[in-house]
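The values are calculated or read from the model by the stated rules, or taken from the named source; none is laboratory data. Fair warning: this is a prediction, and the values are worked out from it, not measured in the lab. Because the Cβ atoms are built from the backbone with ideal geometry, glycine has one as well, and the counts that use them run over all protein chains shown.
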């Protein structure tokens with residue numbers, strides 16, 4: 001068709017100029033000029049489709065189809081052709097401030113990998129499918145953040161938290177986005193939380209709270225181990241009959257051992273040069 005169009009333009013323009021009406025029948029030259037004009041119009045029907053690209057075709061408002069095959073094609077020149085890329089795209093959303101399930105303000109961001117699956121829905125079901133992906137991804141992140149707590153400091157019974165949920169939270173986000181974007185013919189390849197932190201106004205207080213919780217947990221383990229060691233020491237002293245202690249001296253020994261074992265600093269021992277009762 002490209003060859004036919006080029007030959008038609010050449011024949012319709014070059015021949016009248018060359019002969020300059022010498023044959024005496026000007027109607028033939030008008031016909032050749034019409035052929036040249038039609039050939040020129042047909043050139044607008046030529047299109048090239050690159051790999052992972054497509055052309056959505058409409059004819060005076062009627063959807064005709066989508067060409068996804070790669071190559072050089074000729075279609076009706078009066079068809080409207082719209083380029084739609086089928087390649088995978090990234091959306092790295094900016095962190096937004098939302099409230100988690102417990103009402104704490106947090107900052108959360110998401111990264112998406114998506115592509116167009118249905119070109120008809122992408123072009124005609126929504127106004128702008130790229131903007132639609134951006135808006136719906138933010139809505140899905142807000143919904144996810146409001147459904148789960150940031151961590152289990154306030155909700156100890158929470159099975160899933162945003163901070164420790166990992167793949168399970170990402171799978172829930174991906175499922176939510178797939179459901180929301182199906183109307184636009186968008187396929188979600190991957191969806192992950194890329195940024196998660198407390199909002200700046202409470203970050204310092206929450207950090208202190210986390211540190212205090214960690215210290216309490218560590219102290220609990222230390223005390224538990226110290227009690228076990230003291231119990232073992234008294235039991236072995238009693239079984240091997242190394243020394244017999246009354247209740248008062250046992251209490252003093254337990255107190256001294258607990259101080260040594262649970263102190264966060266090195267103990268400075270005091271040697272008693274007298275008897276146990278002095």
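What residue, of 214, 203, is within 30 Å of residue 151 (Cα to Cα), surrounded by 11 or more Cβ atoms within 10 Å (Cβ to Cβ) and either at pLDDT below 70 or under 43 Å from the mean Cα position of the chain (by Cα) (or both)?
Matching residue, one of 214, 203: 203.
When residue 115 is evaluated against the numbered criteria (1) in a helix (DSSP H, G or I); (2) in contact (Cβ under 8 Å) with a residue 60 or more places away in the chain, which criterion, by number, is the only one it fails?
Tallying (1) in a helix (DSSP H, G or I); (2) in contact (Cβ under 8 Å) with a residue 60 or more places away in the chain, residue 115 fails exactly one: (1).
Name the single residue, out of those in region 66-80 being assigned to a strand (DSSP E or B) and in contact with a helix residue (DSSP H, G or I) (Cβ under 9 Å, 6 or more places away or on another chain), that is surrounded by the fewest Cβ atoms within 10 Å (Cβ to Cβ).
Within region 66-80, the subset assigned to a strand (DSSP E or B) is 66-67, 71-74, 80.
Add one more test, that the residue is in contact with a helix residue (DSSP H, G or I) (Cβ under 9 Å, 6 or more places away or on another chain), and what stays is 66, 72-74.
Details: 66: 17, 72: 10, 73: 15, 74: 14.
For region 66-80, the residue satisfying everything is 72.
Matching residues to (1) in contact with a helix residue (DSSP H, G or I) (Cβ under 6 Å, 6 or more places away or on another chain); (2) closer than 23 Å to residue 86 by Cα; (3) outside any loop (DSSP other than H, G, I, E, B):
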{"position": "109", "(1), (2), (3)": "no, no, yes"}
{"position": "146", "(1), (2), (3)": "no, no, yes"}
{"position": "150", "(1), (2), (3)": "no, no, no"}
{"position": "183", "(1), (2), (3)": "no, yes, yes"}
